[in-house]
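The values are calculated or read from the model by the stated rules, or taken from the named source; none is laboratory data. All values derive from a computational prediction rather than experimental measurement. Using ideal geometry, Cβ is built from the backbone for each residue, glycine included, and neighbour counts are taken over all protein chains shown.
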Amino acid sequence: MPTPHSVHRRVYDCEAFEDGPDRMRVRGHLNDTKPLGLGLADGEPMVIHDMTIELVVTLPDFTIVDVVSHMEVHPYDICPAVLADYRQLIGRSVTRGYSRTVRELFGGPQGCSHLGALLQAMGPVAVQASWGMATLHEPPGSAFQSEDGEADRQRRLAMNANTCHVWAEDGDHMKSVMAGDDAGRPAWVTERLVKLGVDPDAL
């Protein structure tokens, strides 16, 4: 069977950076490529969208305090005219209700469909990045010490409740975390502790 031709490739790249005390900058980049071009004679790959948007977010309230957006490659001269509108996100939360906010403000003719899709991908990145921000300047391993266990447990409960089937409020995992069981520790944390020669049960 012949290898199928790739006709479209979209790449989302989202990354979060510390941006001062209790602030992070979440950068999203979208690139659309037509690997075979657009039916033109040369058949060379063609980039048709290359766009970036940055959200500056304060912690622990997850409020967006600045928005910077840019279109490097876009189909029409008028495309960038909508960029200033994305500053409507300033003052909004990047957690619960964020996806709905993005749809309401920028859905359909009110925005760029590609930036809208990128923004949807960036919300969960901000939440995931907050865990790294919380331990960025802490001593190695301190986030998993027993004296911080209750605070860590409460933080996980507040941020993760009902976000997926694992964290269903009436599910077994949630009950384990509420009870303080070790089942609440992510598998990759346990694996890293073992690799470092630390007994996970001792923490």
* Asked: For Gln145, are the conditions met, namely being within 16 Å of Val189 (Cα to Cα), surrounded by fewer than 16 Cβ atoms within 10 Å (Cβ to Cβ) and at pLDDT 60 or above?
  -> no
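Would you check if Ala81 is modelled with pLDDT of 95 or more, exposed (fewer than 13 other Cβ atoms within 10 Å of the Cβ) and assigned by TED's automatic domain parsing to the domain that holds Cys14?
Yes; evaluated as a whole, the condition is true for this residue.
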Here the residues within segment 170-182 that are outside any helix (DSSP H, G or I) and modelled with pLDDT of 85 or more are Asp170, Gly171
Over segment 54-73, the set of residues outside any loop (DSSP other than H, G, I, E, B), surrounded by fewer than 17 Cβ atoms within 10 Å (Cβ to Cβ) and hydrophobic (A, V, I, L, M, F, W, C) is Val65, Val68, Val73
Among the residues in segment 65-83, are any under 23 Å from the mean Cα position of the chain (by Cα) and farther than 27 Å from Pro109 by Cβ?
yes
Selection from segment 1-41 of residues surrounded by 12 or more Cβ atoms within 10 Å (Cβ to Cβ), without any contact (Cβ under 8 Å) to a residue 12 or more places away in the chain and part of a loop (DSSP other than H, G, I, E, B) yields Gly37
Restricted to segment 74-110 and to residues being hydrophobic (A, V, I, L, M, F, W, C) and assigned to a loop (DSSP other than H, G, I, E, B), the residue nearest to Lys34 (Cα to Cα) is Ile78
Is it true that Met51 is over 16 Å from Phe17 (Cα atoms) and not small (Gly, Ala, Ser)? yes
Result of the Cβ filter at 8 Å on segment 105-130, keeping first residues that are assigned by TED's automatic domain parsing to the domain that holds Glu54 and over 13 Å from Asp13 (Cα atoms) and partners that are in a helix (DSSP H, G or I) and acidic (Asp, Glu), at least 6 apart or interchain, is Leu105/Asp85; Phe106/Asp85; Gln110/Asp85; Gly111/Asp85
Over segment 62-77, the set of residues farther than 30 Å from Met46 by Cβ and of a type in the set (D, E, K, R) is Asp66
